[in-house]
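Here the structure comes first, spelled out in structure tokens, and everything after it is commentary.
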Amino acid sequence: MSFYHRRMQATRGLMDKRTHNNDNNNNNNEAASPQVRAPDQTQSMRLMDTAGGGAAGGGGGMAGYNPLLGALMQADAEDELQVMASAFSRAVDPRAAVNAAVAAAALEQEEESKQPAEPGLDDLFAPPTNLMFQGGFQGARAVAKDAKRWLLVNIQQDASFASHALNRDVWRNDLVENLVREGFIFFQTFDTTPEGRTYCERYQVHMFPHIAIIDARTGRLLWRKEGWTMESPFSAEDFAEMAMDVCSRHSLDKPPSAKKPKKEEKEQVVLYSSEEEEAEKEPSFLEMLLATTVAPEPATGGARIQIRMPNAKRLVRKFDPADTLKSIYAFVAQSNDEIKGGKEFTLTAFYPPRDLLDEFEKTVEECGLSGEAITVRWK
């Protein structure tokens with residue numbers, strides 16, 4: 001409470017006390033004497049002098065101003081402000097508060113920037129830059145040759161929706177992405193770029209989108225697919241199957257194969273030996289497989305293997321983990337009429353595909369074939 005308010009309360013209390021005493025005196029006088037006494041003389045008190053008159057200026061009232069009282073009130077207010085400021089300064093450091101607020105705002109902005117933005121149409125159909133070779137066709141071919149990988153080429157046309165859908169549906173598929181990373185150098189461009197025009201002229205590309213697998217050592221085109229539409233799209237599963245088929249039929253560990261000779265160049269005169277020589281000749285690989293006894297499937301447990309035949313038929317069978325790969329070869333040979341007729345075949349598995357003939361004497365468990373898929377190819 002300020003000095004001014006305390007002074008006002010004290011003055012009011014003094015006036016109330018005097019008025020009460022006067023009333024008591026009047027009542028006593030009336031009781032003692034029946035005569036009516038004269039009224040008391042009017043009294044007045046000046047609490048404040050006028051602003052211009054001072055103590056003797058007259059015209060008193062509440063509107064007056066006392067310099068001493070004003071100075072006391074101002075000093076009291078300044079003391080209270082100093083106390084409040086001192087308490088605030090002890091409780092909060094202004095500079096530290098500002099620094100903390102700035103740091104909190106920066107942290108919140110950083111967390112918002114880390115949150116992934118929702119993908120838009122441009123992101124869905126954008127080229128797979130995480131897989132693409134950043135350079136020209138010849139540079140991609142040189143890198144593929146040194147790394148002993150196949151060169152995967154994709155020529156797109158901006159006006160073809162199938163080209164953009166390829167980025168969304170095929171190149172962003174997890175299986176395809178793993179295949180490309182493990183076995184290919186990926187080169188992608190548009191048909192209107194200088195690199196794209198040169199490629200299209202060299203490999204006679206007239207329909208888009210265009211996908212090809214090339215042997216980087218010779219520049220030979222091993223496989224191509226082009227010109228499909230969204231009515232009959234080219235899916236990620238189609239690409240994975242084609243890529244694995246190409247890799248199983250060609251090997252980077254062997255010298256590049258030349259072009260196949262003409263049919264008449266392959267024809268030769270076959271000389272037959274006598275019956276005695278035929279009797280003495282050792283049985284062929286196919287004859288040995290057809291004569292091998294394949295053990296029945298184990299009743300419990302066993303290694304489950306899926307076998308993809310050349311006619312797209314799929315066989316699923318369990319083998320004893322201790323069986324050698326000879327049992328698998330024999331089972332395949334005895335399950336196909338064309339092989340029984342003498343048609344040679346190969347078995348490949350895993351990725352990159354490898355020929356299982358080198359592991360012919362190993363067991364199923366040693367080769368890790370349990371739960372795997374084996375592909376049968378014609379030689």
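Reported to the nearest whole Å, the Cα centre-to-centre distance from the range 223-247 to the range 346-367 is 26. Extending 7 Å from Cα along the Cβ direction at R354 and again at M230 yields two label points whose distance is 4.3 nm. For the cross-link pairs K145/K379; K225/K254; K318/K362; K145/K343, the ones whose C-alpha atoms lie over 23 Å apart are K145/K379; K225/K254; K145/K343. Extension gain for the segment A101 to A312, taken as residue separation times 0.36 nm less the Cα-Cα distance, is 69.2 nm to one decimal.
Each Lys or Arg adds one and each Asp or Glu subtracts one; over the other residues with Cβ under 10 Å from the Cβ of Q306, this totals +3.
Straightening the chain between M45 and T346 buys 95.6 nm, computed as 0.36 nm per residue apart minus the Cα-Cα spacing.
Do any trypsin sites (Lys or Arg not before Pro) in the range 182-222 lie in a DSSP loop with no more than 15 other beta carbon atoms within 10 Å, and if so, which?
Sparse-neighbourhood loop trypsin sites (Lys or Arg not before Pro): R217.
Compared with the direct C-alpha span, the chain from E338 to Q134 gains 68.8 nm at full extension, assuming 0.36 nm per residue.
Laboratory data are not the source of any read-out in this text; all were calculated from the coordinates shown. What you are looking at is a predicted structure, and each value in this text was computed from that prediction instead of being measured. Glycine also receives a Cβ, built like all others from the backbone with ideal geometry; neighbour counts cover every protein chain displayed.
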